[in-house]
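Enquirer: After the structure tokens below, expect a handful of questions from me.
Taken together, the values in this text are just the output of simple stated rules run on the coordinates, not laboratory data. The shown structure was predicted, so the numbers you read here are calculated from the model rather than taken from an experiment. A quick note on method: Cβ atoms are made from the backbone with ideal geometry, for glycine too, and the neighbour counts reach across all protein chains shown.
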Amino acid sequence: MSMNQCGILFDMDELLVDLHEIWTAAETRLLEAMGRSFDPELARKYKGLNARDLAAFVYQAVRPAGSVTDYQRIMQEALVKEYAGGPIRAMPGAVDLVRRLRGLAPMAVASGSPAVGIDRAMTRLGIRDCFDNIISSEAVARGKPYPDVFLAAAAMLGATPSRCLVFEDSIHGVRAAIAGGMKVFCLPSDPADSFDGLATRVFKSLADVTVDDVRAALGKL
């Protein structure tokens, strides 16, 4: 496989799949274990982090009794449990776009969700076979906003990072893609976040993204 080829990388949570209920339930369980209630304002600050880093972030903010590793375990176990029984719904335009992009370039999912959750969600949406690889940022040394997961995904595809296009919804994810030297299409999940001057292009929905948009971006890589 040539190391000079393009790659298309997708985040998953709130980009391909509406997982708000699943993550909120797991985050609520984490905060309850710390003796706190779910805090939407705090949630905005850690959005886009994987379970491990999210628990560490909340631990530093709340300073509960116990060790950070205890809470990381609670968060990861709660998230896996929610994936097993919680709602998994595609974001508007996601399934159609992924299927239309299949074959344009090798594709991977690079998400902060646990690998078992990524696989389960993509399978339930009927698009698992559209992706050459999936990878969780729990499998790399540093989660988003560091570029490790995107760089690992590119390597799995045999793609040069500078020839990769990333789809993201969070500020942490966009910064991770940029840090990896990649182009990035952003579909903001939080309208309060500003991506001006960061993302290559900003869209309101995956339903608005065309194959020609992607082909043009890849052609400029």
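Enquirer: If you rank ARG73, ARG29 by fewest surrounding Cβ atoms within 10 Å, what's the result?
Expert: Lowest count first: ARG73, ARG29.
Enquirer: Given a Förster distance of 25 Å, report the FRET efficiency between ALA65 and LYS45 from their Cβ-Cβ distance, rounded to the nearest 0.05.
Expert: Plugging the Cβ-Cβ distance into 1/(1 + (r/R0)^6) gives 0.65.
Enquirer: Here's a follow-up. If you wrap a convex hull around the Cα atoms of the stretch 20-85, how much volume per residue is inside, in Å³?
Expert: 72
Enquirer: Using a basic spin-label model with each label point 7 Å from the Cα along Cα→Cβ, how many nm lie between ALA207 and ARG73?
Expert: 4.5
Enquirer: For the stretch 20-85, build the charge dipole from Cβ charges (+1 Lys, Arg; -1 Asp, Glu) around the Cα centre, then report which of ALA61, GLY35, ILE22 sits farthest towards its positive end.
Expert: Of ALA61, GLY35, ILE22, it is ALA61.
Enquirer: Show which lysines lie in cross-link reach of LYS183 when reach means a straight Cα distance below 18 angstrom and same-chain residues fewer than eight apart are skipped.
Expert: LYS144, LYS204, LYS220
Enquirer: Restricting to bridges with both residues inside the chain, how much of the DSSP beta-bridge set is antiparallel, in percent to the nearest 5?
Expert: 10
Enquirer: Within a 10 angstrom radius of the beta carbon, how do LEU30, LEU9, LEU125 rank from fewest other beta carbons to most?
Expert: Ranked by crowding around the Cβ, least crowded first: LEU125, LEU30, LEU9.
Enquirer: What list do you get for SER111, SER189 if you sort them by fewest beta carbons within 10 Å?
Expert: SER189, SER111
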